[in-house]
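The values are calculated or read from the model by the stated rules, or taken from the named source; none is laboratory data. Since we're looking at a predicted model, the values are computed, not measured. No Cβ is skipped: glycine too gets one built from the backbone with ideal geometry, and neighbour counts run over all protein chains shown. Please note that ligands, DNA and RNA were not included when accessible areas were found on the heavy atoms of the full protein model with its side chains. Shrake-Rupley method; radii C 1.70, N 1.55, O 1.52, S 1.80 Å.
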Amino acid sequence: MKLDLHYNLKQLHVNTLPYTNYFVPYHRKTEIRDNKKDLDKACVTPLNGDWNFDYYESVQEFEEAPHKKSKGRLPVPSVWNLFGYDQIQYVNIKYPIPFDPPNVPEENPCGFYQRHFDLHKLYKRKKRQYILNFDGVSSGYYVWINQQFVGYSQVSHSISRFDITDFIKEGKNSIAVLVVKYSDGTYFEDQDMFRHSGIFRNVYIVERPEQRIEDFKIDTKVDSDQNIGEINIDIRKTNGNPEIEYALFDPYQNKVARGELNKNLTIPLTEPKLWSAEIPNLYTLYLLTEDEIIEQKIGVREVKIEHQQLWINGQSVKLRGVNYHDSDPLQGYVVSEQRLITDLKLMKEANFNAIRTAHYPKSPRFYELADEYGFYVMSEADLETHGVVMLYGIENIEDFNIIADNSKYEKAILDRVEASIVQLQNYSSIIMWSLGNESGYGQNIKKAAALAHELDDTRPVHYEGAFYARGGEDYSKLDIISRMYPSPEEIESRYLDNKEVTKPFILCEYAHAMGNSPGGLEAYHELMEKYPAFIGAFVWEWCDHAVTAGMEEGFYRFRYGGDSGETLHDSNFCVDGIVNPERIPHEGFYEFQEIHRPLALKKYDGLRWTVRNQLDFLNVNQYLDVTLLLTTIDGESKKIPFELPEIMPHEEKELDFSAIVESYHFKFEELSSIMLTYRLKFRTALLTSDTYLGHDQVIYQRQVINKVEDQNASIEGEASIIIGSKSIYLRLKEWEYHFDKKTAALNLVKHKNKRLMDEPTKIAIWRAPTDNDIHLEESWKEMGYFNPITRVAGYNIDEQDNKIIISFDIGFYSVFSPKILSISYKWTIYPGGHIEIDMDMERNMRMPALPRFGMIWKLQTVYEKVRYYGNGPFSSYSDKNLACHLGWFDTTVDENFRPHIRPQEDGSHDNVTSLSIKSVDKEVRFSAGKPFSFNVKHYSDEQMTMIKHHDKLQKEPYSFVHIDAIQSGIGTNSCGPVLPERYQVNGPFYHLNYSVDFKEFI
C-alpha cells in the first residue's frame, strides 16, 4: 500500500472507532476490591514495554527497505529523540517544516515499532471484540496486526481506538506501527515545546463482550439554596442490548441508590456531598452488565457563568491557575503517575486551585488525579497554528487567521475539538473547555465553539484567539473573554471598568516565569480582588522545559534550544517555569504561594488587623494553624500559637492583638513587627499537616541595630598620606588604605600588615541580564553599560581631626556615546577600620534606564558566612518580594546563589540595613540608615553575562558583594508588558550612603 495518509486532510483517521468517553471496565468485583489500575485489569492486554525499533530518515527509505527486521529496541511509552535517534529540537512559534499544508517534507523521519503479544482471552464461550488503544502518539501512525493493515490515525494527544477482532488469531500475534514525525497534523500542533516523536502514552488491547456499554455521559446539578442535587446518567450508545444495573455510593462508601436503568436516569440527592477544589468529595457510580463493571468517580458540582462571574456550587470562584505542559527532562512527553502526583502536590503547596492543560488534553490518569485531589481544570484541545504569523520572518498578526478562517481546514479543527471533549467529558475536575491555543480566529473556530456547546452545555467554552478576529476581538461565540500578557492598566480600562463588557475576564497566560521571574504579581491580583468579573489567571508556566546532557558532580546538566545542533530553534525560551525540570521550585514558586495564600491581610490600624478568608468553601479556622510572632525594636521575639476565630469563605474579620501583646508584657511603641504564619491544620490527600502556606507581616518600625560607635577620637599625628602617580596611600594608626586615582576605587585594606581586602572596589551599573531583560540587553550594551569607561575629573583630600575625606568627581562613558552619568564620590575614613561611602549620581536622561546603581566589593573567597537584616529568606526586588519578610537571616555565599539553567541576576535582597560577611578570623560589615540592596556570590557579573549554561560557570576565588542604592525590578517582559516605570532605574538622581567596618577576630 502507498503510505500517503499522513498528508491527506480528507482522511484524518482510517478504521478508527468513534470517540467515546474514556473508561476501562472491570471484569470481576474482586478487581474493584483490589483497586486494580487500568492496565492491570483482567480485560486488558498491555503492550507497554520494550519494542523492536528501526529508525528511518524518510517514509521512502522505509518503503524501500528490503527487510523490516528491527535492529534496535525502544521502550513504549517514550520519545525516540531522547534515545539517540533523530534531531532534538525546541521551537516556539515557527513551523519546523516548510508551510505547505497538507504536504510534508520527503525527508520525514519515521520510526518502525514491532513486537509480539499473546492475546489474553477472557470470554472464551462468547462473542467478543478486541479494541486496540493508543493514548498518545506523535505525530501520525500506521498500524498493522499480523502483517495486515489495520488503520491510520493522528492527533497526538488524543486516544485512538481500532477494532482488531478480525485481525488477530489464536496464539502469538504481531503488531507493527510506523510513526511519522510530520503529518498534516503538524500544522495543527505547533505548540511551544520540544518537538519529540514516538509512542509516548500507553498502548493496550481491551477485550469487550458483545453485550456492552459503549458510551455514556454524566451530568450533575446542584441547588445550593435547597441543599439538593442530582446525578444524570445518559447511556448514549450500547453494543447489543445489555441489561444494565447501577449502584451509587457516597464519598464514605455508603450506598445511595441501586437499581436498573435503560438509557437515562436521574438520581436525586438530598444534602449532597459536593465536589470542589477545596473539598474534592467523590461519589462512585458502578454500571453493571452481565460481564463488566464500569466504575465512574463523580464529583457533584455545578458550573455556571452568571453576572460576569464564575460560579461553582453557588459560590463565586477565582481561578488561581497554572499552565501545565507534559514535560520530563529524561522522558520528554512521557509523564509518569509519580511525576503527576509530585507536580500536583507542589501545586497544592503553592495554593494553586486550577490547571490549564496547555496546550492539549492530558492523559486520562491526570484527570482522575485532578478529580481526586481537587483542581479546577481548563482542558484544552490539541490545536495550535501559531506558526502562521511567522511565515515571512517577522511576526505578522494579519496572517493569524489563514487556517482558522479557511474551510479547507474545518474538518481537522472540529475533529480535534470533538476528541478533546467526548473522551474526557465525565471528569468532574474539568470545569471549562478550551478550543485550543494561538490559532487565530475565523469560521472554523466559530463552528468549533458551536460544536463544543452542542457536545456539552454544562461547561463554559474558552478560547483566547478570538482577540485576533478580523475587525477586532470577537468573543460573541464564547463564554469568557480571555487574554495573554496584557498590562494591569490595559485589563482594567479595556475590560473591567468598561460597562459595555458583559462577560467575565480571564488571563489564560500571564506572569511569564522565565528565569528570575515573575515580578509585578500584586498588581494583577489587586484587580482580581477588586473586580468580581476578573475570574482568574494562569501563570505561564509550571516547569522549565529542558533535556539532560548527562550529570556532573551529582547534578543534571540541562540543555535547551540550539544545544543539540538544530539550526531552527528558540534558544532558552522553553526554560520558563516556576519549578526546574527536576521539580525543584524556583523562587517565583513562593511568590505564587504567597499571593494565593488562604488568609490575607487587607488593612490594619495599630494592633487591629482586618483579614479575609480567600477560600471559597472552607471556614479558614478549620484549614489553618496560625502562629503569631511578636518582635521588638531590640530584637526580642516571641512565637505564640494563635487561634483564629470562625471566618467563613470570602468573609472579612478583625483580629485584635492588644490583649496578647499586653499579656506578654510587650509595649506597642516598642514593637518592630507582628507576623502571622499560616500552616495546614490537617493532613490532606497530598499535603502533610503543618505544610507552610503563607504569611502576613506588619512592620511598625525597624529594629535598632546599627549602633554608631564614637568616631570623634582624634587622629592627629597618627595619619599619613602619600600621593603617588596612580594611587593615594593612606595610613591611619594600624590601618592602611590604597585608592586608585584613575577609577576612585579602594584597592587595598590592611590591618597590622595583614590584607583584609586586596581587590579594587567598583561602581556598578550592570547586572547579568535576566531573561526579562531580553529586550533591553542590547541597548544596555550599545550604550556601554556592560563595561563603562571611568574618568576621574578631579579629587580632593580633606584631613580633619577625627577622619580623612577623599572625594572624587567621576564620569561613566562609553566608547562613542555621551557621558552615561556623573558621580560625586566621597570616602570618609575613621580610625579602627570604619569607612563611610557617600555617592551622588546624576544620570543622562537620554540614556536607557540603568540595570542598577551601586558598588561591588571583591572580597577574598574565605569570606563565606553571611548574616543580614532585611528582606528574606528569598531574593527580593522592588517588584518581586511577596514571599519575603523583614528579619534577620543567616546564609552563605554559596547558598545565596540562585542557579538558573541560563545564568542571570538573582539572589539580591532589598530593604537591608545591616550585612555581615565573615571568614574564620575576620569580618566585613556593611550598614546604613537608609535601606540598600545587596547580593553575594562567587561568580562575577561578567562571567554570568557571557556563559549560557549554569554547569559551565567556573567558581571564582572571590566573594563578590554588591551594595546597591537601587536595582531595576524584574517584571515579566520576556513575554509580557514592559517593566512599569516605577520599577525602572530611570530617575535623574540617585544617592547611596552606607558604612563599612573591617574586623579581625585573631
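Points worth noting:
- Hull-based mean projected area of segment 719-1000, where the convex hull spans the alpha carbons, in square nanometres: 14.6
- Normalised convex hull volume, segment 240-291, alpha-carbon set, Å³ per residue: 106
- As a fraction of the 1.4 Å probe accessible area of segment 25-209, surface on carbon and sulfur atoms comes out at 46 percent.
- Kirkwood hydrodynamic radius (C-alpha pairs) into Stokes-Einstein, segment 305-594, 25 °C and 0.890 mPa s, D in µm²/s: 124
- Using alpha-carbon coordinates, inclination of helix 364-373 to the longest axis of the chain, degrees: 60
- Probe 1.4 Å - accessible area at ASP696, Å² to nearest ten: 10
- Cα point-scatterer Debye curve for the chain, base-10 log of I(q)/I(0) at q = 0.10 Å⁻¹: -1.23
- One Cα centroid belongs to segment 884-955, the other to segment 454-495; the line between them spans 43 Å.
- Annotation for segment 503-543 versus segment 38-94: alpha-carbon center distance of 39 Å.
- The calculated 222 nm mean residue ellipticity attributable to helices in the chain amounts to -3000 deg cm²/dmol, summing -39500 (n - 2.57) over DSSP H runs of n ≥ 4 and dividing by all residues.
- Within-11-Å neighbourhood charge of ASP234 [Cβ basis; K, R +1; D, E -1]: +2
- Built amide H within the under 5 Å cut-off of VAL300, gap 5+: TRP275, TYR283
- Counted by Cβ distance under 10 Å from LEU644, the other residues give a net charge of -1, where Lys and Arg count +1 and Asp and Glu count -1.
- Long-range HN-HN contacts of MET432 with modeled amide H, under 5 Å: VAL377, SER379
- With the convex hull drawn around the C-alpha atoms of segment 776-934, the volume per residue stands at 150 Å³.
- Helix 521-530 and the longest principal axis of the Cα set of the chain meet at an angle near 60°.
- Estimated D of segment 635-764 in µm² per second, where Rh is the Kirkwood radius over Cα pairs and Stokes-Einstein applies at 37 °C, 0.692 mPa s: 155
- Among the protein heavy atoms of segment 858-910, carbon and sulfur supply 54% of the accessible surface, probe 1.4 Å, non-protein parts ignored.
- Compared with the alpha-carbon gap, the fully stretched path from LYS742 to THR610 is longer by 41.9 nm at 0.36 nm per residue.
- Where the Cα pairs of segment 1-76 fall when distances are cut into 5 Å bins, in %: 3, 10, 12, 12, 15, 16, 13, 10, 6, 3, 0
- The eigenvalues of the Cα gyration tensor, multiplied by 5 and square-rooted, give segment 156-215 an equivalent ellipsoid with semi-axes of 30, 16, 10 Å from largest to smallest.
- Range of Cα positions in segment 189-310 per principal axis (Å), largest first: 52, 44, 26
- To put it simply, the accessible area of segment 305-594 at a 1.4 Å probe is 47 percent carbon and sulfur.
- Residue-wise HN-Hα couplings along segment 621-629, as the Karplus relation 6.51 cos²θ - 1.76 cosθ + 1.60 with θ = phi - 60° gives them from phi, are 6, 8, 10, 10, 9, 10, 10, 9, 10 Hz; Gly and Pro carry x.
- Calculated accessible area for the chain comes out at 39 Å² per residue, all protein chains present (probe 1.4 Å; ligands, DNA, RNA ignored).
- Sorted largest first, extent of segment 25-209 alpha carbons per principal axis (Å): 53, 37, 28
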